[in-house]
1. Which condition number does LYS238 fail, the rest of (1) among the basic types (Lys, Arg); (2) out of contact with any Lys or Arg (no Cβ under 9 Å at 6 or more places or on another chain); (3) more than 16 Å from SER282 (Cα to Cα) being met?
2. How many residues are at pLDDT 95 or above and out of contact with any Lys or Arg (no Cβ under 9 Å at 6 or more places or on another chain) if we restrict to the stretch 1-48?
3. What is the number of the single condition among (1) within 16 Å of GLY298 (Cβ to Cβ); (2) crowded, with 20+ Cβ neighbours inside 10 Å; (3) touching a residue at least 60 places away in the same chain (Cβ under 8 Å) that ASN113 does not meet?
4. Of SER245, SER317, which residue is surrounded by fewer than 17 Cβ atoms within 10 Å (Cβ to Cβ) and modelled with pLDDT under 95?
5. Conditions: (1) free of Cβ contacts under 8 Å to residues at least 60 places away in the same chain; (2) under 26 Å from CYS291 (Cα atoms); (3) surrounded by 14 or more Cβ atoms within 10 Å (Cβ to Cβ); (4) in contact with a Leu (Cβ under 6 Å, 6 or more places away or on another chain). GLY44 meets all but one. Number of the miss?
6. Restricting attention to the stretch 48-68, which residues are under 26 Å from TRP303 (Cα atoms) and either open to solvent by less than 30 Å² (accessible area, probe 1.4 Å) or in contact (Cβ under 8 Å) with a residue 40 or more places away in the chain (or both)?
7. Go through the stretch 131-146 and give me each residue that's acidic (Asp, Glu) and either open to solvent by less than 50 Å² (accessible area, probe 1.4 Å) or under 18 Å from the mean Cα position of the chain (by Cα) (or both).
8. How do the pairs read when you match residues in the stretch 222-249 that are closer than 19 Å to VAL175 by Cβ and without any contact (Cβ under 8 Å) to a residue 24 or more places away in the chain with residues anywhere that are crowded, with 17+ Cβ neighbours inside 10 Å and basic (Lys, Arg), using Cβ under 9 Å and keeping only pairs 6 or more apart or on different chains?
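The values are calculated or read from the model by the stated rules, or taken from the named source; none is laboratory data. Bear in mind that the values here come from a model prediction, so they are computed numbers and not experimental data. Neighbour counts are summed over all protein chains in view; Cβ atoms, including those assigned to glycine, are modelled from backbone coordinates with ideal geometry. Surface areas here come from the heavy atoms of the whole protein model, side chains and all, with no ligands, DNA or RNA. Shrake-Rupley method; radii C 1.70, N 1.55, O 1.52, S 1.80 Å.
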Amino acid sequence: MAFPQPRPQAPQLPQHLLRTVDCQQGAVRAVRFNADGNYLLSCGSDKSLKLWSVSRGTLLKTYSGHGYEVLDADGSYDNSQLCSCSSDKSVILWDVATGQVTRKLRGHAGKVNCVQFNEEATVILSGSIDGTVRCWDTRSRRFEPIQILDEARDGISSVKVAQHELLTGSVDGRVRRYDLRMGQLHVDFINSPITCVCFSQDGQCTLSSSLDSTVRLLDKSTGEMLGEYTGHKMKGYKLDCCLSSKDTHVLSCSEDGHVYFWDLVEGSLSLKLPVGKAVVQSLSFHPTETCLLTAMEGRVQVWGAEPEETEEDAMAS
């Protein structure tokens, strides 16, 4: 006689506040995990970019060089370089260890909203209010971009890269996916300004959030809508959405002080995480673990699936 299989455990969600980091850099415009999830980057309205230890909440380095508030940042796969972008219209490539500016990339005609490395960190992609995405070679001494994508009819709010594909979201209400290998462009029209786009971890779907307070999941190859997620408030701010590390849940910031978690398949609300009384400005999900970063006003919160063992607990056990 076979025993019944144990029921699969529902995936745990990062609902326990592990620590709060007071970043002391004005309003935190964006928070990002690095490639392995051990560090976090915070982008400040005081023109600084800061690198922190996630587990200890300690400041490791401050990167100063932008002339206006920092809006987004990304870390290279090997943790040796950072890139950031700013309202000062520039993109900066940084050396992590020294804190020095490796290159300052100028060319955008307005503030730069989003920035990302490709997987080998050989190219930086930046999206601007000027409606262009610029591709910069990190190893070249040339100051011009290697490519400019100017299909958008309004500002670029979000850019993501995965292998040979580039995903962009624009205020013109369109999600554009460039197949750089095939030289093809796929466009999905959402009819509301896009605030954030991302690929699912399995590469089959795209997620986009927009100012009609809706997050949408689309089948990448057919453009078919697989899910719509609502209940949060996103009407006037450029806020983040993302997927959990195993594609089980859709997450979004909200202007009502919460992060909303929906079951990806069922579309039902799984968790409404109370972060605070202000707008949840930004979020980032750990690449492999059940851990979440949120940004509100001048602080970053680190959330986990389990309350963290204190030293007293560890000694008692």
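1. LYS238 satisfies every listed condition except (3).
2. From the stretch 1-48, those at pLDDT 95 or above are 13-48; that's our starting set.
After this cut, where a residue has to be out of contact with any Lys or Arg (no Cβ under 9 Å at 6 or more places or on another chain) as well, the list is 13-18, 27, 29-39, 46-48.
Within the stretch 1-48, residues that are at pLDDT 95 or above and out of contact with any Lys or Arg (no Cβ under 9 Å at 6 or more places or on another chain) number 21.
3. Of everything listed in (1) within 16 Å of GLY298 (Cβ to Cβ); (2) crowded, with 20+ Cβ neighbours inside 10 Å; (3) touching a residue at least 60 places away in the same chain (Cβ under 8 Å), ASN113 misses just condition (1).
4. Details: SER245 fails: surrounded by fewer than 17 Cβ atoms within 10 Å (Cβ to Cβ).
Criteria check complete, one pass: SER317.
5. (4)
6. First, the residues of the stretch 48-68 that are under 26 Å from TRP303 (Cα atoms): 48-63.
Across the stretch 48-68, the qualifying residues are SER48, LEU49, LYS50, LEU51, TRP52, SER53, VAL54, GLY57, TYR63.
7. Quick first cut of the stretch 131-146, residues acidic (Asp, Glu) only: 137, 144.
Residue satisfying the conditions is ASP137 alone.
8. Qualifying pairs under 9 Å: MET225/ARG216; LEU226/ARG216.
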